[in-house]
1. I'd like the FRET efficiency for Asp200 and Thr2, computed as 1/(1 + (r/R0)^6) with the beta carbon distance as r and R0 of 25 Å, rounded to 0.05.
2. If each DSSP helix of 4+ residues adds -39,500 (n - 2.57) and the sum is divided by the residues in the chain, what number results at 222 nm, nearest 500 deg cm²/dmol?
3. Only Cα pairs under 8 Å and at least 6 apart count here; give the relative contact order of the range 146-247 as a rounded whole percent.
4. Multiply the residue separation of Leu121 and Phe85 by 0.36 nm, subtract the distance between their alpha-carbon atoms, and state the gained length in nm to one decimal.
5. Looking at the chain only, what percent of DSSP beta bridges run antiparallel? Nearest 5 please.
6. Once the Cα gyration tensor of the range 3-289 is diagonalised, what are the square roots of 5 times its eigenvalues, in whole Å and ordered largest first, as equivalent ellipsoid semi-axes?
7. How far apart, in nm, are two points set 7 Å out from the Cα along the Cα-to-Cβ line at Met107 and at Leu13?
8. Count of lysine pairs in the range 3-289 with Cα atoms under 20 Å apart, counting only pairs 8 or more residues apart in sequence or on different chains?
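A short reminder: the numbers here are calculations on the coordinates, not readings from a lab. Since the model is a prediction, treat every value here as computed from it, not as a measurement. For neighbour counting, all protein chains shown are included, and Cβ atoms are generated from backbone atoms with ideal geometry for every residue, glycine included.
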Amino acid sequence: MTSLISAKGVHRLYRRGGFFRKAEPLHVLRGVDLEIREGEAVGLVGRSGCGKSTLGRVVLGLERPDEGTVLYDGRDVFAADGERFKEYRRNVQVVFQNVQGAVNPRMTAGEIVAEPLRNFLGLSKKEAVERSRPLLEQVGLKSSDADKFPAHFSGGELQRVCIARALAPEPKAVVFDEAVSSLDMLVQARVLDLIRKIRDERGLACLFISHDLRVVAGLCDEVALMADGVIAARERSVAALAASGHPAIKRLLESVPPSRPLHCRERAATDGEPEALPVHVAAGVSQAAM
Ligand SMILES: Nc1ncnc2c1ncn2[C@@H]1O[C@H](COP(=O)(O)OP(=O)(O)O)[C@@H](O)[C@H]1O
Ligand SMILES: [Mg+2]
């Protein structure tokens, strides 16, 4: 697989402090190297506050690194002219955790999905909304859902709308930042199934950011561990990462809550719901934890 996106020696500092206090910089990223190859799904795990979302924003081109850079197809994203930068933004899309905050409540689902089609492909509003209908079907919603407003969707359905929006401009890669973290476990499982299906069908590269090891375990080709502002380890599975014995992965494994309570499994079986997480995932994580 050839390299699609690569972060090289990325540093990111946030200046904090108030009017009276001298600003003390918070050095969040301290030389991050991370490569994502074409069609590859990379999980990015680490404790809350370690800098995963910051790296995600840098990779998306939303924040400029203080040092280092990001290459796309071998070319420096932050040195790109307006047209090429826009092309990059089209090719690398994002799905965030906070679905309510990620959409305009006064826009219909069709208009939400249409936005990148208008911005990046220059389609008229009418054309773009019509194009949104098959996209909504691809993410398991109905074509007529294009006419509904966000308030009429559940959290899981709204996340599907956001996924359709991310897919609309036919990107090469999608950054999922805690994209299923606010969903309950059964809905999480269905959305993860959808992401897996889309990935396979489209050959999408993904950066799947999560504090939850179980979520990345079933989805990713490789898992990178962020600690102390760098990628401290990268392995082919969560189990292999656990075997690396890095103190940061030990702490993350200790924080994995027990698997889904039995009554949920029973309910899932009777409702014909999919398993919250594939059995091998739970097994992989618990074996890894031993
Ligand atoms: N815009 C910002 N200004 C100041 N500090 C920030 C900003 N964004 C993030 N931080 C701080 O940077 C650190 C890393 O945050 P973040 O990247 O969100 O971590 P994670 O996604 O791993 O939970 C945190 O201490 C956070 O408070
Ligand atoms: Mg985050």
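1. Details: r = 19 Å, r/R0 = 0.76.
With R0 = 25 Å, the Cβ-Cβ based efficiency is 0.85.
2. Numbers: 12 runs with 120 residues, N = 290.
After summing the helix terms and dividing by residue count, I get -12000 deg cm²/dmol.
3. On the way: 89 pairs, mean separation 19.9, N = 102.
Reported as a whole number, the value is 20 percent.
4. Numbers: separation 36, 0.36 × 36 = 12.96 nm, distance 1.45 nm.
In short, 11.5 nm is gained.
5. Numbers: 22 of 39 bridges.
Rounded to the nearest five, the antiparallel share is 55 percent.
6. Details: eigenvalues 167, 150, 62 Å².
Working through the eigenvalues yields semi-axes of 29, 27, 18 Å.
7. In this crude label model, Met107 to Leu13 measures out at 3.6 nm.
8. 11
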